[in-house]
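Written below as structure tokens is the structure these notes are about.
Rule-based calculations on the coordinates, nothing more; no lab input. Here the structure is a predicted model, which means the values were calculated and not measured. Please note: Cβ atoms are built from the backbone with ideal geometry, for glycine as well, and neighbour counts cover all protein chains shown.
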Amino acid sequence: MHFKCMPYTTLTVRHDVAQKLQAAKAAGESYSDVLIRLLDNQPAKTVGEWLESLAPLEGRGAFTPEERQRLKRDQRHPRDSHTRRKGHAAL
């Protein structure tokens with residue numbers, strides 16, 4: 001039986017950077033996973049890709065699931081979204 005062993009490198013970061021990494025870390029995610037996710041983050045090519053990239057932020061104060069659904073709906077029907085926003089602003 002063979003075990004694949006990943007090499008490790010120790011990084012020293014300032015306390016404020018460690019706190020930001022901790023805040024960015026999702027449940028079950030390692031610090032390596034966080035760094036890969038943040039470093040590999042490529043700009044979205046479409047609004048749909050951008051909205052999908054926001055999924056990990058749900059519950060962290062960015063967008064509620066309902067707001068994400070509204071944004072997706074507005075993306076599919078942009079003319080309807082203008083009418084809804086205009087009517088919403090009048091409330």
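Residues Thr64, Thr12, ranked from the fewest to the most other C-beta atoms within 10 Å, line up as Thr12, Thr64.
For Tyr31, what charge total do you get from the other residues with a beta carbon under 12 Å from its beta carbon, if Lys and Arg give +1 and Asp and Glu give -1? So the environment of Tyr31 carries a net charge of +1.
Starting from the Cα of Ser53, step 7 Å toward the Cβ, then list every residue of region 1-42 with an amide N under 15 Å from that point. Inside the label zone: 36-42. Of all aspartates and glutamates in the structure, the ones whose alpha carbon falls short of 18 Å from that of Lys72, not counting any fewer than 8 places away in one chain, are Glu49, Glu52, Glu58, Asp80.
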